[in-house]
Amino acid sequence: MTGRERILAALAGQETDHLALMPITMMFAADTAAVRYGEYARNSGALADAQLRVAEKFDFDYVSAISDPAREASDLGASIEWFDDQPPAIIESRALLGDKSALGRMRIPDPFAGPRMSDRVRAVERLEQGAGSDKLVEGWVEGPCAMAADLRGLNALMLDFFDDPAFVNDLFEFVTEMELRFAKAQIDAGADLIGVGDAAASLIGPKLYRDFVLPFERKLLNGLHAMGTRVRLHICGNTRKILADMGTTGADMIDLDSPSPVEDARRAMGLKQVLLGNIDPVRGLKDATVEAVIAAIAECHRAGAPHYIVGAGCEIPRGTPDENVRALSQYAKTHH
């Protein structure tokens with residue numbers, strides 16, 4: 001099986017020759033290709049080359065256009081701080097929606113015109129050309145809570161849930177429609193799967209998640225499925241109290257960060273949900289021995305069976321020893 005065939009079969013609940021391998025790499029990929037991260041995030045060619053190199057070197061089953069959460073916000077006009085060798089950051093003190101009334105004047109950017117969104121579309125095109133039929137190509141968009149926090153400011157959004165729920169719903173409607181258009185452009189460019197990163201959703205309680213975020217995650221994922229694509233839901237942080245709800249989003253696969261036990265997710269989501277994770281990216285991967293990495297991923301696999309994909313709880317950190325990443329690959333190749 002090719003990597004692409006392996007992932008698609010795993011997502012369909014079909015038998016594979018061995019476990020699929022889909023760890024998130026961003027700064028690790030840039031370092032592997034000797035590219036500074038500022039260039040990786042700005043230049044589709046640099047990103048695609050680095051992803052293809054890291055996938056080839058460690059025999060990953062896929063390549064990804066993920067780089068940072070500031071692409072959509074940047075094209076909307078948000079203030080972004082750039083760094084030479086770190087991811088760009090949204091300046092929360094100058095949040096684009098510091099004045100809530102600005103939402104009514106905002107227009108969804110054309111994903112082919114905005115410089116940063118169009119750069120990701122070009123990255124997907126380059127990845128599709130470079131990977132051919134061998135590796136699955138993953139596009140990426142921000143989830144409703146994460147994108148809303150990027151535009152409004154995280155602290156302000158947390159207050160809005162209580163002070164102005166109508167505004168929160170209007171904001172989530174706007175960002176969900178924007179992300180569907182952005183995803184469509186990436187699907188048309190060759191993405192086989194769309195990753196949805198909704199990190200801020202782990203920072204609210206289960207009631208707020210269920211009342212505000214879950215309906216829009218479902219709307220986003222339903223829209224993506226209507227386009228014929230598959231969806232990976234990635235929520236960083238501690239999601240233990242919302243695992244059951246996450247399992248109702250319809251995501252084809254769900255990533256679990258290290259604070260959220262795989263065993264708990266399997267119990268909450270049932271046997272059919274495809275899971276990935278949740279080895280601790282730092283203590284369990286970067287700073288561990290090869291033997292410890294193998295033991296940790298074996299435990300994740302045991303808890304995540306029968307439908308499990310190998311990966312860390314979040315991004316593989318820069319500075320992770322090559323032999324530790326190869327341990328993930330070797331484990332995937334020798335287990336079902």
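The values are calculated or read from the model by the stated rules, or taken from the named source; none is laboratory data. Keep in mind that this is a model prediction, so the values were computed, not measured. We place every Cβ from the backbone using ideal geometry, glycine too, and count neighbours over all the protein chains shown.
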When region 30-64 is examined, which residues are found to be without any contact (Cβ under 8 Å) to a residue 24 or more places away in the chain and under 26 Å from H336 (Cα atoms)?
E56
So, L233, is that one out of contact with any helix residue (DSSP H, G or I) (no Cβ under 7 Å at 6 or more places or on another chain) and closer than 18 Å to A12 by Cβ or not?
no
Within region 10-38, can you find the residues that are within 20 Å of the chain's Cα centre (by Cα) and surrounded by fewer than 18 Cβ atoms within 10 Å (Cβ to Cβ)?
A12, G38
Between a first residue in region 1-29 that is modelled with pLDDT of 95 or more and a second residue that is surrounded by fewer than 21 Cβ atoms within 10 Å (Cβ to Cβ) and polar (S, T, N, Q), which pairs have beta carbons less than 7 Å apart while being 6 or more apart in sequence or on different chains?
M1/T16; T2/S133; R4/S133; R6/T16; A9/T16; A10/T16; H18/T334; L21/S329
Residue hits (region 50-64; crowded, with 24+ Cβ neighbours inside 10 Å, farther than 14 Å from E315 by Cβ and in contact with a helix residue (DSSP H, G or I) (Cβ under 7 Å, 6 or more places away or on another chain)) are D61, Y62, V63
Boolean, P281 is at pLDDT 95 or above and crowded, with 17+ Cβ neighbours inside 10 Å:
yes
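Identify, please: which residue in region 205-241 is outside any helix (DSSP H, G or I) and of a type in the set (K, R) and is, among those, nearest to I309 (Cα to Cα)?
Within region 205-241, the match that is nearest to I309 (Cα to Cα) is R232.
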Listed residues E72, E138, E128; which is within 21 Å of the chain's Cα centre (by Cα) and not in a helix (DSSP H, G or I)?
E138
Every residue from region 1-43 that is in a helix (DSSP H, G or I) and within 18 Å of D192 (Cα to Cα)
G3, R4, E5, R6, I7, L8, A9, A10, L11
For region 204-216, pairs from a residue that is touching a residue at least 12 places away in the same chain (Cβ under 8 Å) to a residue that is of a type in the set (D, E) and part of a helix (DSSP H, G or I), with Cβ under 6 Å and 6 or more apart or across chains, are R210/D245; L214/D245
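Quick check, is A244 within 22 Å of Y331 (Cα to Cα) and part of a helix (DSSP H, G or I)? Full working, then the answer.
Working: within 22 Å of Y331 (Cα to Cα): no; part of a helix (DSSP H, G or I): yes.
It is false that A244 is within 22 Å of Y331 (Cα to Cα) and part of a helix (DSSP H, G or I).
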As an exercise: evaluate L271 against (1) over 21 Å from I194 (Cα atoms); (2) out of contact with any Pro (no Cβ under 9 Å at 6 or more places or on another chain) and give the number of the one condition it does not meet.
(2)
A148 being free of Cβ contacts under 8 Å to residues at least 60 places away in the same chain and crowded, with 21+ Cβ neighbours inside 10 Å:
yes
Suppose the filter is closer than 25 Å to A41 by Cβ, in contact with a Gly (Cβ under 7 Å, 6 or more places away or on another chain) and surrounded by 18 or more Cβ atoms within 10 Å (Cβ to Cβ); does L96 pass it?
yes
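To keep it simple, each residue is scored yes or no on (1) of a type outside the set (A, V, I, L, M, F, W, C); (2) within 30 Å of A244 (Cβ to Cβ); (3) out of contact with any strand residue (DSSP E or B) (no Cβ under 7 Å at 6 or more places or on another chain).
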position	(1), (2), (3)
G277	yes, yes, no
R283	yes, yes, yes
T289	yes, no, yes
A292	no, no, yes
A305	no, yes, yes
I309	no, yes, no
A312	no, yes, no
P317	yes, yes, yes
E323	yes, no, yes
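Just need a number here: residues in region 93-104 that are under 10 Å from L151 (Cβ atoms) and part of a helix (DSSP H, G or I).
Total satisfying the criteria: 2.
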Exactly one of R266, R318, R326, R302 is in contact (Cβ under 8 Å) with a residue 12 or more places away in the chain, over 25 Å from S67 (Cβ atoms) and either in contact with an Asp or Glu (Cβ under 7 Å, 6 or more places away or on another chain) or surrounded by fewer than 23 Cβ atoms within 10 Å (Cβ to Cβ) (or both), and that one is R266
